[in-house]
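Every number here is computed from the coordinates shown, using simple stated rules; none is lab data. Quick caveat, the model's predicted, so the values are computed rather than measured. Note that each Cβ is placed from the backbone with ideal geometry, even for glycine, and that neighbours are counted across all protein chains shown.
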Amino acid sequence: MTSVTTTCRDLAELLPAAQTACRLLFQECFKAGIKNIFITETYRSQERQKYLYAQGRIRPMQIVTWTLNSNHKSRLAWDIAVGPPQSLYDVATLNRVVSISKKLGIKSGGAWTNAIDQPHLNVTY
Ligand SMILES: [Zn+2]
């Protein structure tokens, strides 16, 4: 049992299709010279999703999620960030990751029109 404030970064908590897609993405990014991205979150419980949804709405601070029904909950999504020397959410690097993910059939939050979320990646059925 994990707490709502605990972030799960374990790839094994995702469904096999998402694990495979994520590994392939990291391989392709590595080949393209992007060697400093890393996973910040994978699976989220419904309780944690509710907790995050409340941030910026019920609790103060910046809004971090747009839905109560995230595909993190369905074990199909993962979030990434960029390591040094770039900044954590370096736009140029994330744009390159998004275009590589598109070629692999992975959906990216960078393609959403209502609420752009570049570091978010997911597969669908
Ligand atoms: Zn996400």
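Annotations
- Prolate/oblate/rounded call for the range 1-49, Cα gyration tensor, a/c under 1.5 rounded: prolate
- Counting neighbouring Cβ atoms within 10 Å and putting the fewest first, the residues Leu68, Leu24 line up as Leu68, Leu24.
- Low-density loop positions, trypsin sites (Lys or Arg not before Pro), the range 35-98 - DSSP coil, at most 15 other Cβ in 10 Å: Lys35, Arg57
- At R0 = 22 Å, FRET efficiency that the Cβ-Cβ distance of Val64 and Val91 yields, to 0.05: 0.75
- Taking 0.36 nm per residue of sequence separation and removing the Cα-Cα distance, the Thr124/Phe30 pair yields an extension gain of 31.5 nm.
- Two-site label geometry, Lys50 and Arg23: point separation in nm, points 7 Å out along Cα→Cβ: 3.5
- Between helix 16-31 and the chain: long-axis angle, C-alpha atoms, 0 to 90°, nearest 10: 50
- Remark on the range 1-107: hydrodynamic radius 14.8 angstrom, per the Kirkwood mean of 1/r across alpha carbon pairs.
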